[in-house]
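Read the structure below first, then the notes.
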Amino acid sequence: MSPIQVSARTVLQALQPYSPGKPIWEVQKELGLTEVIKLASNENPLGPSPKALEAISALLPALHQYPDAQSFAAKAAIASEFGILPEQIIVTNGGDELITLVSEAFLDHGDEIIVPSPTFSEYEFGGRLMGANVKTIPLAEGYRYDPEAILAAVTERTKIVYLCSPNNPTGTILETGPLKRLLDSLPQHVLVMLDSAYSHYVTCDDYTDGLELIRSGYPLLMLKTFSKVYGLAGIRVGFGIGPQEIIQSILQVKEPFNVNALAQAAAAAAIRDREHVERSRSLVHAERLRLYEAYRKLGLEYTESMSNFILVRLGPDAKQRYEQLMQKGVIVRYGGAWGLSECVRISVGSPEENDKLIHALEEVVQGK
Ligand SMILES: *Cc1c(COP(=O)(O)O)cnc(C)c1O
């Protein structure tokens, strides 16, 4: 047989593969460890809402049936939680799918998107997939947003401005005032995608997840996920809220059965489980402070976070220290892919997991 000569689209050459944190089983196998904890993907250490688990079990006998193409029940639960119309919601196969769908719905070849840097990698991925040009705007001092620089980058071809608040991996937010001023200054043809995947963990009055701005009529699309505070990362479900016209366009490119039946049921149950959300938030708020204290004692610089992860500076040999932590059974995320070669991003775990992390860090820092 001759070698395969079928060529993939040229844009694929510019795509960077997503680099997830190493799974627990892989580290166990590679390093021969039994006890391994993962603080690399910002998951909820309390696990899924028990109500979501019940909903999933109840649905198992009906798995021969296709899921609801409109995710009606999940949408209804989301609509009532946020006080909006079901027509303003799209339910997706994780928040990631929403980013791909938005890219497919709005980006022609040669269009531009504006992306802060460092941030979640999927925005750039979606843009490149569609052959759009990606303009990255560095965050300012202290990883703060720079609305002036964002505005200065806008052209007639700009279709989407991505804002992640709290931003992954820095944990910083774009406060309500500057966000509103940015929205008021942007030309009408620009869609703002506000990724508020981590909104539940914010402890700052001057914050909006975008809902009030959508209500006021701005061309803003808000991304949310069930993977983080709701503890459902494994089942893949997220959603977008925005003006009906925007949602309609995105619905045009979605596959009919994009969200599986179990995910739809789990989402509807999880969003109603206020108690689980509250427990998850309080855990993060308390442990975040405890981790700051521990990092200070270890002489490590960190960025104060409005989220369930903290960016910690481990210094010039951060990569080596990241690997040493792994050898001690603690998986964190190395910052190299974000151009933060001296940093790691560490999720806030359960108190026991955080104890183990602190202990491992102490040994690594003291060269044990
Ligand atoms: C985790 C995350 C998402 C969504 O993740 P899914 O698991 O695909 O729902 C979106 N944006 C950011 C910034 C995230 O960290």
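Just wondering, is there one or more residues in the stretch 288-296 that are at negative phi, out of contact with any strand residue (DSSP E or B) (no Cβ under 7 Å at 6 or more places or on another chain), basic (Lys, Arg) and free of Cβ contacts under 8 Å to residues at least 12 places away in the same chain?
The answer is yes; a qualifying residue exists.
For Glu301, which of the numbered conditions (1) more than 16 Å from the ligand (Cβ to nearest atom); (2) within 20 Å of Ala197 (Cα to Cα); (3) not assigned by TED's automatic domain parsing to the domain that holds Thr119 fails to hold?
It is condition (2) that Glu301 fails.
Check Ile37, Ile89, Ile84, Ile78 and return the single one that is more than 18 Å from Ile235 (Cα to Cα) and within 16 Å of the ligand (Cβ to nearest atom).
Every option except Ile89 fails the conditions.
Does any residue of the stretch 117-124 turn out to be surrounded by fewer than 19 Cβ atoms within 10 Å (Cβ to Cβ), assigned by TED's automatic domain parsing to the domain that holds Ile246 and within 15 Å of the ligand (Cβ to nearest atom)? Lay out the reasoning, then the answer.
Within the stretch 117-124, the first condition is being surrounded by fewer than 19 Cβ atoms within 10 Å (Cβ to Cβ), and the residues that meet it are 117, 121.
Next cut, assigned by TED's automatic domain parsing to the domain that holds Ile246 only: 117, 121.
From what's left, within 15 Å of the ligand (Cβ to nearest atom): 117, 121.
Among the residues of the stretch 117-124, at least one is surrounded by fewer than 19 Cβ atoms within 10 Å (Cβ to Cβ), assigned by TED's automatic domain parsing to the domain that holds Ile246 and within 15 Å of the ligand (Cβ to nearest atom), which makes the answer yes.
Give me the pairs: first residue in the stretch 218-237 and closer than 24 Å to Thr176 by Cα, second residue near the ligand (Cβ under 10 Å from one of its atoms) and part of a helix (DSSP H, G or I), beta-carbon distance under 7 Å, and six or more apart or on different chains, which are they?
Within 7 Å, the pairs are Leu223/Gly95; Leu223/Leu98; Lys224/Gly95; Thr225/Gly95.
Among the residues in the stretch 172-179, are any away from the ligand (no atom under 15 Å from the Cβ), crowded, with 22+ Cβ neighbours inside 10 Å and under 20 Å from the mean Cα position of the chain (by Cα)?
Here is the first cut: in the stretch 172-179, the residues away from the ligand (no atom under 15 Å from the Cβ) are 175-179.
Filter once more, keeping what is crowded, with 22+ Cβ neighbours inside 10 Å: 179.
Among the residues that remain, those that are also under 20 Å from the mean Cα position of the chain (by Cα) are: 179.
For the stretch 172-179, residues away from the ligand (no atom under 15 Å from the Cβ), crowded, with 22+ Cβ neighbours inside 10 Å and under 20 Å from the mean Cα position of the chain (by Cα): present.
Filter the stretch 252-268 down to the residues that are buried (at least 18 other Cβ atoms within 10 Å of the Cβ) and more than 21 Å from the chain's Cα centre (by Cα) and list them by number.
Ala261, Leu262, Ala265
Here are the criteria: (1) assigned by TED's automatic domain parsing to the domain that holds Glu352; (2) in a loop (DSSP other than H, G, I, E, B). Tell me which single one Pro256 does not satisfy.
Going through the list (1) assigned by TED's automatic domain parsing to the domain that holds Glu352; (2) in a loop (DSSP other than H, G, I, E, B), Pro256 breaks only (1).
Collect the residues in the stretch 314-339 that are within 19 Å of Tyr18 (Cα to Cα), of a type in the set (A, V, I, L, M, F, W, C) and surrounded by fewer than 20 Cβ atoms within 10 Å (Cβ to Cβ), keeping them in residue-number order.
Ala337, Trp338
The values are calculated or read from the model by the stated rules, or taken from the named source; none is laboratory data. What you see is a predicted model, and the numbers here were worked out from it, not measured in a lab. Methodologically, a virtual Cβ is constructed for each residue, glycine included, from the backbone with ideal geometry; neighbour enumeration extends over all protein chains shown.
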